[in-house]
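What follows is a short report on a single structure.
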């Protein structure tokens, strides 16, 4: 089921952050959203999750407008991992991850065998089984990021939207996180991730949406969107393109554009 948006404009206060943007994201693929600070990346992800209203345009899941999907059904379909997420209660990690199953349960119903299995699978997938009995307040920033990803995964959403999930992770766990997102995509989940690192995007993403000043610079495959000209337009940088050991082309920034 595609996640699409067209002519999408969003304002925060008196400032228009997104100006009539549009694209079609396909399930089973990792789509990276990149752009300079203030280009509207986080705002776009929130709009796709149905968390903020648009001034114009629509976000659709399949052929249904996001705003017209009942909240519980929308929560089953779309998992959202915010930037710098806050844990409000000092729950044990297993109980925190289990919150991801709430949209699948009837009000006041206890956890089912399926719920418990989903929680354990999510802990295993994110390498957080050893943290299961620890209180959330005792987690490091990187541990918390992985646990909160586990909470989203436990909900088995059709789409996972993650806003800069690598920010608090060390390099090893950044690679683990990207690998887990690629695994989810290979299983059919649509993954949308906000990134800053061009090389990480080239390694992890199937498709890339480049934003600058609230407008789409380029949307296409990673190879198309991370080329010389699109990156000049989006970031004002020159890049050197190198091939990694698997033959993927990686753009390495080497300086600002002149003029």
One residue is enough: does the stretch 193-208 have a residue meeting the conditions in a loop (DSSP other than H, G, I, E, B) and farther than 19 Å from residue 25 by Cβ? yes
Residues of the stretch 79-98 satisfying the condition of being surrounded by fewer than 17 Cβ atoms within 10 Å (Cβ to Cβ), out of contact with any strand residue (DSSP E or B) (no Cβ under 9 Å at 6 or more places or on another chain) and at pLDDT 85 or above: 95
Take the conditions surrounded by 15 or more Cβ atoms within 10 Å (Cβ to Cβ), without any contact (Cβ under 8 Å) to a residue 40 or more places away in the chain and not in a helix (DSSP H, G or I) and apply them to residue 50. Does it pass? yes
I need the full set of residues from the stretch 211-228 which are in a strand (DSSP E or B), touching a helix residue (DSSP H, G or I) at 6+ places or on another chain (Cβ under 9 Å) and under 16 Å from residue 250 (Cα atoms), in order please. 220
Can residue 21 be described as touching a helix residue (DSSP H, G or I) at 6+ places or on another chain (Cβ under 8 Å), closer than 13 Å to residue 190 by Cα and modelled with pLDDT of 95 or more? no
Scan the stretch 1-17 for residues that are within 18 Å of the chain's Cα centre (by Cα) and at pLDDT 95 or above and jot them down. 2, 3, 4, 5
Mind checking whether some residue in the stretch 125-143 is under 27 Å from residue 41 (Cα atoms), assigned to a loop (DSSP other than H, G, I, E, B), at pLDDT below 90 and more than 18 Å from the chain's Cα centre (by Cα)? yes
Criterion (part of a helix (DSSP H, G or I) and either under 21 Å from residue 166 (Cα atoms) or out of contact with any helix residue (DSSP H, G or I) (no Cβ under 9 Å at 6 or more places or on another chain) (or both)) met by exactly one of 87, 45: 45
Could you give me the residue pairs with C-beta distances under 8 Å whose first residue belongs to the stretch 79-93 and is free of Cβ contacts under 8 Å to residues at least 60 places away in the same chain, whose second residue is part of a loop (DSSP other than H, G, I, E, B) and buried (at least 17 other Cβ atoms within 10 Å of the Cβ) wherever it lies, and which are 6+ apart or on separate chains? 92/132; 93/128; 93/132; 93/139
Would you say residue 239 is touching a helix residue (DSSP H, G or I) at 6+ places or on another chain (Cβ under 7 Å), touching a residue at least 40 places away in the same chain (Cβ under 8 Å) and over 14 Å from residue 198 (Cα atoms)? no
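The values are calculated or read from the model by the stated rules, or taken from the named source; none is laboratory data. Model, not experiment: these values are computed from the prediction. Every residue, glycine as well, gets a Cβ built from its backbone with ideal geometry; the counts of neighbours run over all protein chains shown.
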